[in-house]
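Since the structure comes first, as structure tokens, the remarks are kept for the end.
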Amino acid sequence: MAKIACTHCNLEFDESVMIIEEEGDKEKSNKKLFFCCKGCQGVYHLLNSEGLGTFYDKLGDTKLQPASQISEDLEKFDLEGFRNKYIKVHDDGLYEINLIIEGIHCSACVWLNEKVLHKTDGVIEASINYTNNKAKVVWDPEEVKLSKIIETIRSIGYNAYPYDPSLQEERAVKTRKDYYSRILVAVFGTMNIMWIAIAHYAGYFTGMQQSFKDILNVAEFILATPVLFYSGWVFFRGAYYGFKNRIVNMDTLVASGALSAYIYSIYAMITQRGEVYFDSVVMIITFILVGKYLEVLSKKHAVDTLDSLMGSTPTEVTTLKEGIKSLVSIENIQIGDIIELKPGEKVVIDGTLTSGQGSFDESSLTGENEPLYKQNSDAILSGSICLDSVIHYKASKDVSGSLLTSIVTLLEESITKKPHIEQLANTISGYFSNIILLIALLTLAGWYFWNGSFETALIVAISVIVIACPCALGLATPMATLVGISIAAKRGILFKEATFLETMAKSNLLALDKTGTITEGKPSVVKAELFEGFDPSLLLALVDTSNHPISKGISSYLTEENDPLKHLTLENIKSIEAKGIKASYEGKNLLGGNVDLLKNEGVEIDANSENSLFFFAMDNKLLARFELTDTIREGAKEAIEQIQALGINVVMLTGDHEQSAQKVAKEVGIKEVHAKLLPQDKSALVNEFQSNGEVVVMVGDGINDAIALAQSNIAIAMGQGADVAINVSDVVLLDEKPQSILEAYKISKRTFRAVKENLGFSLLYNVIAVPLAVAGFVNPLIAALSMSLSSLIVVGNSMRIKFLNFKN
């Protein structure tokens, strides 16, 4: 029986085993499609449905591996185990994954992948970071499977796999080895071809027989060919997929420039007319490939900070159930499970210590090198390391909700969100390559018309193509923001998005909450006045219903000053926003709170004090008056002075009374104070600042700050603050030091300055270099070297952020 080629893979099989299908188009209804398997059939229809049917015209008679192998590989992306390990499920049912996309060479590659993913039905969000090729993809599992998304990425010439820090180093080594072998071939060819070129140039000036010249030309051709097609393969591959998807990228410029010089040199060698430029070909490929390799190393070094957070994290923990120890995957840990920690082990799941005591290193979270002693009922934070004891603790969160996972998630998301200035740069670079190609064609025509020499015109045009560098423009923003985010993370400052670096750098007003931000947030009683009928058990029961720092201070005081108090159950408990608490006990009405609450209820009080005040009344009779003071955080005054020195106006927003607020403001050097504010008042003030043209950074830690934080341009939350404050924030300070606010400002301003320097240099380089090339002052060798150096200068300038001085 006759053998028939598969329509997709071109492998031949007997017709009896083929899947036969009629062409859907009525005009071509007689045409039959033959597939060797369901996999090839599916891929064929996928490519055509995505508008990529011309792939088969370009493929010609080339044979592919049957698509069934690809299908088998794709199935793993839809397995439950894969989902549990790599996919995050949103509250609204959407799925999210971080992927590494192989084959990205420039910002145009990023644009292409994002465009194709956005066209895929069911994909809600797709954003790719150029510096590390990491893509954040959000999709609706009801509409599209992850395997379909991966298959779509592969169909346009790229590959994707789940981001896993533990495997990143292995893949990075493989990439480096591939670049290294290509560079070896390129350098070998370049070194040898330059010796021949020296002889060539010597003969050009002193005279050389044509037969010797022909031998040298052939030798250069033999050396240049593997350099162009093996070492330069990465550029041809990128250019091919760019052409296939109708975009012009950096690879297109490099490949077209080198190939043009190569083809012309072959023509000159065969016809014995003109000079050959094989040396230019190898120089173009070698310089740019070495530059690309150094760029890959630099980007990997910058990403290592983020990968190191999760790369060394254990994947299993020891649990205790009914006296039996067992190793359990961290994904399977549930709230309430008992976990055993041995000395030297890292905590992966947040919890509460139930047995044993020991010291913990939390330096990776807070930056503090001093070990913290923990005992029964103390909180155990993921990311810390048990130093000296075997302890047991109860899991209070699962792995997805634990602190370490939250930190890594924030960092992963932060480097996929593009700042506005990067979006502009990407838009420019998208058009840049097309413009350069057009300029090169006009240069070729102009020089040929003016000079009459096609050889001269071609070499000048090649120089124009090669010297232009969209790569530097595409790297300008993401490289700087990645370094900035990495440094901030090392210092316990978590930017949720890279865009917030840009916004914070432009800020000119800092609004600070008082309690828990400027002060420790742990008020202590310095004066207590107790009147007839006061029952400490009643007040303890009342304040224990609130998490406000003042309530906690009163609770601590009562517990320390009294014998064990009776536990009383209150009724009709009601929290009065920014004022206090109401409740009832055995028919009696209880009040606990500030001046405003008791005055509104008609209770006569003495409100004259510089300290925070708390009053307790029963049936409108005052039973107790407390004065509390809070310790100002260490370094607050110095940090605020330095922030003001940066030209930033610092104001205080607090719900406390005027005298207490002014006392704290005076100690730390804040001149503008807004006191006795309700949560909505804080938000209204922030809105007023913004309407006056201010870019507002708000720092707070409590529920009462959440509305103002949400209203501000940049919201900064203290790491130990209320969950709602952290959720609405843009930046989280893990160590809660006022100094960290100053450092966040310094990092954002230095990063944004580096971004502007990079963009300025990239644009200036092209404004100067391209006209020089058009005028014929730059040969292809210098053009290739200049192009590589421009990218390395951008990378090097971004790395300078690491030397930021935080002491001054």
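The values are calculated or read from the model by the stated rules, or taken from the named source; none is laboratory data. Only a predicted model underlies this, so the values are computations on that prediction, with no experimental measurement involved. Please note: Cβ atoms are built from the backbone with ideal geometry, for glycine as well, and neighbour counts cover all protein chains shown. Note: areas computed on protein heavy atoms with side chains; ligands, DNA, RNA excluded. Shrake-Rupley method; radii C 1.70, N 1.55, O 1.52, S 1.80 Å.
General remarks:
- In this structure, the pairs whose alpha-carbon distance is over 19 Å, taken from Lys676/Lys737; Lys496/Lys749; Lys374/Lys637; Lys756/Lys802; Lys3/Lys244; Lys522/Lys574, are Lys676/Lys737; Lys374/Lys637; Lys3/Lys244; Lys522/Lys574.
- Placing R0 at 51 angstrom, the Cβ-Cβ distance between Ile215 and Leu438 gives a FRET efficiency of 0.80 after rounding to 0.05.
- Across region 75-165, the convex hull enclosing all Cα atoms gives 91 Å³ per residue.
- Residues Ile288, Ile707, ordered by accessible area of protein heavy atoms at a 1.4 angstrom probe radius and largest first, appear as Ile707, Ile288.
- Surface accessible to a 1.4 Å probe, Glu316 within the full protein complex, Å²: 100 Å²
- Highest average packing first - 256-264, 593-601, 175-183, 438-446, Cβ atoms within 10 Å: 256-264, 593-601, 438-446, 175-183
- Note on region 75-165: Lys pairs 8 or more places apart or on different chains, Cα atoms under 16 Å apart, count 15.
- When all protein chains stay in place and ligands, DNA and RNA are ignored, the 1.4 Å accessible-area order of Leu253, Leu458, largest first, is Leu458, Leu253.
- With DNA, RNA and ligands ignored, accessible area of Arg753 (1.4 Å probe; Å², nearest 10): 110 Å²
- For region 743-805, fraction of C-alpha pairs farther apart than 13 Å, in %: 66 percent
- Its alpha carbons give region 452-555 an Rg and a Dmax of 30.9, 110 Å.
- Residue-level accessible surface for Leu11, protein heavy atoms, 1.4 Å, Å²: 50 Å²
- Taking the 1.4 Å solvent-accessible surface of region 75-165 as the whole, the part contributed by carbon and sulfur is 44%.
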